[in-house]
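What follows is a set of notes on a single structure, which appears directly below.
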Amino acid sequence: MMASRLPTMFRKNGLPAAAAAFAAASAASASVTLLDEEDVVHAPHYPWRHQGYFSSFDHAALRRGYQVYREVCASCHSLHYIRFRELVGVTHTKEEVKQMAMDVDVLDGPNDQGEMFERPGKPYDVIPSPYPNKEAGRAANGGAYPPDLSLMVKARHNGADYVFALLTGYCDPPAGKEMMPGLHYNPYFPGGAISMPPPLNDGGVEYEDGTEATISQQARDIAQFLSWTAEPESEERKKNACKYMVVLAFMALSVGYYKRWKWAPLKTRQIAYVKGVGGAPH
Ligand code: HEC
């Protein structure tokens, strides 16, 4: 409403009234935002190594991150947009990936009798959900479905920061905040009450490279792994961008040179009108 009144006020009372109206409008929207934001703390920004224009992922961290996913998160969350084979050369070798896929049961079928059956996974399978359907997932988690994590980092504002903050942010609710049974206080989750119990524990996994598995180390590793799952193409894209930029720079130089070369005779000529020279016009 403020916005629709603004032009009239501007015309009638000139600039000061318009400025006042603008200040009032922005104060109103600020208070609305404050109300929305009261229940959530924004994740601080962390210096992720992979976020530079020329930087790649920390692959040791990705490997540890997959381990955290498999041993902790996979009991509730799927990674439906990632196939096992995509991990080859990123976190694991081909043989390891084959083995990892085989350790997971995958639903396949129907067979000749029209029945679905389970078989050991193959590298071309997607990383499956632990639940046969959403309803089962909800039933097992107090009504909240554990969302697929493949694109989570893209689906949330500053995703990697958010995942890290969420996983390390569990704490006691402030005095006066009533928690419903089955909900856990986490100031980074909008509303502050999340159905996911704190998933990480100190030493909850045992890293094969000897890294100490503190909660923040595991959160850091899984946040990076989920950044990769959200953008598995990012390293390739950055590499290609470097090539394209070099080619584009050469093209810009040669186009610039060509332009100057074409225009040189026109730009450097001098046109002089001299009376009485050249005779009468045709
Ligand atoms: C016991 C089951 C369980 C485990 C284990 C678990 N989660 Fe969750 N997770 C949930 C549930 C349930 C939700 C939905 C929460 C809600 O909507 O209140 C959720 C939600 C999330 C969300 C989305 C929050 C949002 O903004 O919507 C992220 C991110 C997440 N989990 C990450 C993880 C990671 C990473 C791990 C492994 C370290 C993990 N979870 C382990 C049950 C689990």
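Any read-out appearing in this document is the output of simple, stated calculations on the displayed coordinates, not a laboratory observation. Keep in mind it's a predicted model, so treat the numbers as computed, not measured. Don't worry about glycine lacking a Cβ; one is built from the backbone with ideal geometry, like all the others, and counts go over all protein chains shown.
Annotations for the structure displayed:
- Sites residue 40 and residue 85, calculated FRET efficiency, Cβ-Cβ separation with R0 25 Å, nearest 0.05: 0.10
- Its relative contact order, with pairs defined as Cα atoms under 8 Å and 6+ residues apart, puts segment 74-127 at 43 percent.
- The trypsin sites (Lys or Arg not before Pro) of segment 221-282 that meet both conditions, a loop assignment by DSSP and at most 16 other Cβ atoms within 10 Å of the site Cβ, are 269, 275.
- In a DSSP loop and with at most 16 other Cβ atoms within 10 Å, the GluC sites (Glu not before Pro) in segment 38-97 are 38.
- Taking amide H as placed 1.01 Å from N in the peptide plane, residue 80 has its amide H under 5 Å from the amide H of 149, 150, each at least 5 places away in sequence or on another chain.
- Neighbour cut-off at most 11 other Cβ (10 Å), DSSP loop, GluC sites (Glu not before Pro), segment 185-282: 206, 208, 212, 233
- The packing ranking, built from the mean of other Cβ atoms within 10 Å per residue, places the peptides 113-119, 193-199 in the order 193-199, 113-119, highest first.
- Mean Cβ count within 10 Å, highest first, over the residues of peptides 98-105, 55-62: 55-62, 98-105
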